[in-house]
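**Q** Next up is a structure, given as structure tokens.
Readers should treat all values here as calculations from the given coordinates under stated rules, not as data from a laboratory. Keep in mind the model is a prediction, meaning the values are calculated, not measured. Because the Cβ atoms are built from the backbone with ideal geometry, glycine has one as well, and the counts that use them run over all protein chains shown.
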Amino acid sequence: MVSIIGYYTTQFGELWEKSLSDLIEESITGVLRNTRLEVGQIDAIFFANMLAGVLENNLHTPSKIAEIVGVNIPVFRVEAACASGGVAFHLGKNYIEANSGKTILVVGAEKMTDHSPEETTSALSSAASGEEQEAGLTFPGLYALIANYYLSKYHNKEEAMAYVSYKNHFHGSLNDKAQFKRKISIEQILQSPYIAYPIKVLDSSPISDGASALVLSSNPSTIKKIKKSVAVLSSEVSTDTISLNKRKRLDEILATKLASDKAFSRARLKRSDIDIAELHDCFTIAELLAMEDIGFWKKGEAGNRINELETMYGNNGELVVNTSGGLKAAGHPVGATGIKQIGEIFLQLTEQAKNRQVKNTKFGLAHNVGGSGGTAVITILGV
Amino acid sequence: MVGIVSYGFYVPQYRIKVEEIAGVWGKEPIHVLSSLGIEEKAVAAIDEDSLTMAFESVSMALSSVKLKKDDIRAIFFGSETPPYVVNPASTILAEFLGIDHHYLASDTQFACKAATGAIITAASLVSSQFTSNALVIASDKANAKPHDPLEYTASSGSVSLLLGNKNIMLEIVAMSSFSSDTPDFWRREGIRYPSHGGRFTGKPSYFYHIQNSASDLLKKQHLKPSDFAYGIFHMPNGRFPREISTTLGFTKKQIEPSLVVRSLGNSYTASALMGLVSVLEVAKPNDLIFFASYGSGAGSDAFIFKVTQNIKDKRQEFRKKIENKTYIDYQNYLKFMRNL
């Protein structure tokens, strides 16, 4: 059994004074300090990053990490767009399962704010279908197509999406590492400018810098020394067509459904067993789809159920979603996001989530999506 | 005692409303207004540039004083939009003003604080008796790439100051400067429009540098914000000067008279000085004025001024003059700015 034995995340936000290397170094130093491990006890590092090659002409990061940390161990870079973190975690878990007794780091980092929004948006578009890029579709545009279809099909108003943002900003206000710690009202969200109808500025996750790191181990003596650890019950990856126009349905993310089914089957859990979840809310419509595609809610229900805010912290719901603030409020440094999601579940299950701690959590789920659903990763943890 | 002997300003007649620009780009004017705090901006005509506006403002500054031709031995022209990259505008101005040729001429550049840095130099040249009077001119016909957020704010205008050690109306009590290599806004050789770092122009740039120059000056002079009648801060938009003044401890009442950016926009080197011009229309003798400029790249010059009795003879009518305006549409704006 692979366990997560430590987590650290940097502040997420516009960290102008920090480079990608600075962020990586802070996250690794932080997680080693939290776990009281020496660098020499780490057997491999999995590093998630999407944009350094495009934005900074910065590749061969494994060697750079070896230099930063001062190691000669295997270091692997993983790229799967916004699912880079989740996929890196998946590969790291598999690495340990194939190399019993090892202890590894899974690190995700992204440096996005040194570049103009146009440059960053263009770089992010590299994760979309070439044909759809040529048609002028950016990610807000792709998710706007999905949102238009969903809202129309299930007779929902834009207000349904606004409730996701309202809830996640409230959660962000409880997370000192979140990029946005400000609560916002439904009215503010609905009055914010459209960026791709019906998606508005306050329906969208921001451009962010940040890095997050986890320590995974199956070494019994290492795990025993750590008081707080969680078990990785499953980590499953599914893929789907990169092009939206090749999908059979626009009101679901098929990769999420497939990964969820596999993950729950492997973890031998029911949907109702999950107490806490971090879902990939790059745009608010994505959280509504995820609630249905994972199977927490039935297809077509989300637009009405979200208004009741049963997944908001403090409302005594059976499932609380995105206590970190989600991508929307905590920020979305692409490579770090999937690691932060799992890290947030780790904090909740080990009762280290401070003022946003959900009581009596046993099982948690993280959902990480690449592009507009070309890759999906579901990770289920338990204590 | 060194200070400002007289001053002049020039605001072109033309204005464009924020809603006119917002309409072209499909933006809600209310969002622009609430985020930038600007309703309209001044636009120089197609036959005006930083040099012609400078001549207008310096002519006003010299209209209220009687000087001999050789009294002015230093002239500084600060601008982000000089008419030539190579060829000084300061000498052209001096020639048109009929200043004796035994003078130091210098065109200065440091984004929006090109002229306030020159005030420090000019004051020092007067103190050292290099010259009895010095001219400092700030002038810009600020342009922005169409659809860039700067398009709502970049405006036109000029302010001129005559410095000297006799008959001064505004004593320079103390001055301070704070600089660092902070590339928040730039325009490279041969590039038509400036680039900027978005929100990077805020906290690590504008706010950090003004905070340091202002705090340093207040501390050295053992003064606090409440000792001043007015506070004036560079106005890249309507929000930044309000925020920095609050952070430093100035009240709304102290800075409100300087906030001309709402109706005139950001005339770059002339922006903060236009705030000074606005304040001087209402300031009384013995009033202390706190002033801090900001220039991208980056730096801030802070000054403490004290109004003297001579203000009564040198005061310029400002608010009424800038009400003489003609609104233009976006097509004419593009034409006037030679963006077509």
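**Q** Do any trypsin sites (Lys or Arg not before Pro) in the range A:265-336 lie in a DSSP loop with no more than 10 other beta carbon atoms within 10 Å, and if so, which?
**A** Hits after loop and neighbour filter: A:268, A:270, A:298.
**Q** Another one. Would you calculate, for chain A, the mean residue ellipticity at 222 nm contributed by helices, counting each DSSP H stretch of 4 or more residues as -39,500 (n - 2.57) and dividing by all residues, to the nearest 500?
**A** Calculated at 222 nm, the ellipticity per residue is -11500 deg cm²/dmol.
**Q** Of the candidates A:177, A:64, A:111, which one comes out as most mobile in a Gaussian network treatment of chain A with C-alpha springs shorter than 10 Å?
**A** A:64
**Q** Let me ask something additional. Using the number of other C-beta atoms within 10 angstrom as an exposure proxy, rank A:312, B:53 with the fewest first.
**A** Going from sparsest to densest Cβ surroundings: A:312, B:53.
**Q** Moving on to the next point. When the Cα centres of the range A:331-371 and the range B:290-312 are compared, how far apart do they sit, in Å?
**A** The distance from the Cα centre of the range A:331-371 to that of the range B:290-312 comes to 51 Å.
**Q** Using the Karplus equation 6.51 cos²θ - 1.76 cosθ + 1.60 (θ = phi - 60°), what ³J(HN,Hα) coupling, rounded to whole Hz, does each residue of the range A:151-164 give in order, writing x for Gly and Pro?
**A** 4, 5, 5, 9, 6, 9, 9, 4, 4, 4, 5, 4, 5, 5
**Q** Could you compute the FRET efficiency for residue A:315 and residue A:66, with r as their C-beta to C-beta distance and R0 at 45 Å, rounded to 0.05?
**A** E between residue A:315 and residue A:66, to the nearest 0.05, is 0.45.
**Q** With +1 on each Lys and Arg Cβ and -1 on each Asp and Glu Cβ, and nothing else charged, work out how big the dipole of the range A:126-173 is about its Cα centre, in Debye to the nearest 20.
**A** On the way: 3 positive and 5 negative charges, 63 e Å.
Value, rounded to 20: 300 debye.
**Q** How crowded by other chains is B:196-204, given as the mean number of beta carbons from other chains within 10 Å of each beta carbon?
**A** Details: counts 1, 6, 6, 3, 4, 0, 1, 2, 3.
Other-chain Cβ atoms within 10 Å of each residue's Cβ, averaged: 3.
**Q** Using C-alpha positions alone, give me the convex hull volume of the protein assembly as shown per residue in cubic angstrom. Mind dumping the intermediate values first?
**A** On the way: hull volume 123.3 nm³, N = 723.
That works out to 171 Å³ per residue.
**Q** Residue-wise, which Karplus ³J(HN,Hα) couplings in Hz belong to the range A:319-336, taking 6.51 cos²θ - 1.76 cosθ + 1.60, θ = phi - 60°, and x for glycine or proline?
**A** 9, 10, 10, 6, 5, 6, x, x, 5, 4, 9, 6, x, 9, x, 2, x, 7
**Q** Scan the range B:48-92 for trypsin sites (Lys or Arg not before Pro) in coil per DSSP, keeping those whose Cβ has at most 16 other Cβ atoms within 10 Å, and list them by number.
**A** Within the range B:48-92, the qualifying trypsin sites (Lys or Arg not before Pro) (loop, at most 16 other Cβ atoms within 10 Å) are B:66, B:68, B:69.
**Q** Rounded to the nearest 20 Debye, what is the dipole magnitude of the range B:172-314 about its Cα centre when Lys and Arg each give +1 and Asp and Glu each give -1 at the C-beta?
**A** Charge dipole, the range B:172-314, about its Cα centre: 260 debye, nearest 20.
**Q** Here is a follow-up. Just want the answer: with Cβ charges of +1 for Lys and Arg and -1 for Asp and Glu, which residue in B:222, A:165, A:70 is farthest toward the dipole's positive end in the protein assembly as shown?
**A** About the Cα centre, the residue reaching furthest to the positive side is B:222.
**Q** Same structure again: Kindly provide the trypsin sites (Lys or Arg not before Pro) of the range A:140-175 that DSSP labels as loop, not H, G, I, E or B, and whose Cβ sees at most 12 other Cβ atoms within 10 Å.
**A** A:157
**Q** What number, in nm² with one decimal, is the all-direction average of the projected area of the convex hull of the alpha-carbon atoms of the range A:260-383?
**A** Over all viewing directions, the range A:260-383 projects a mean Cα-hull area of 7.1 nm².
**Q** What percent of all Cα-Cα pairs in the range B:172-314 falls in each 5 Å bin, counting up from 0?
**A** For the range B:172-314, the binned pair fractions read 2, 10, 20, 23, 20, 13, 6, 4, 2, 0 percent.
**Q** Let a ≥ b ≥ c be the square roots of the eigenvalues of the Cα gyration tensor of the range B:224-282; is it rounded (a/c under 1.5), or, if not, prolate (a/b larger than b/c) or oblate?
**A** Since a/c reaches 1.5 but b/c is at least a/b, the shape of the range B:224-282 is classed as oblate.
**Q** Further question on the same structure: Given charges of +1 on the Cβ of Lys and Arg and -1 on the Cβ of Asp and Glu, with all other atoms neutral, how large is the dipole of the protein assembly as shown about its Cα centre, in debye to the nearest 20?
**A** Details: 75 positive and 75 negative charges, 317 e Å.
In debye, rounded to 20, the protein assembly as shown gives about 1520.
**Q** Still on this structure, please answer the following. Would you work out which of A:219, A:326, A:94 lies farthest towards the positive end of the dipole of the protein assembly as shown? Charges go on Cβ: Lys and Arg +1, Asp and Glu -1.
**A** Going by the charge dipole, the pick is A:219.
**Q** Something else: Using a 10 Å cut-off on Cβ atoms, rank the peptides B:87-94, A:82-89, A:115-122, B:256-263 from the highest mean neighbour count down.
**A** A:82-89, B:256-263, B:87-94, A:115-122
**Q** Lys/Arg Cβ at +1, Asp/Glu Cβ at -1, dipole of the protein assembly as shown taken about the Cα centre: which of B:236, A:140, A:366 is farthest positive-ward?
**A** Value computed over the given set: A:366.
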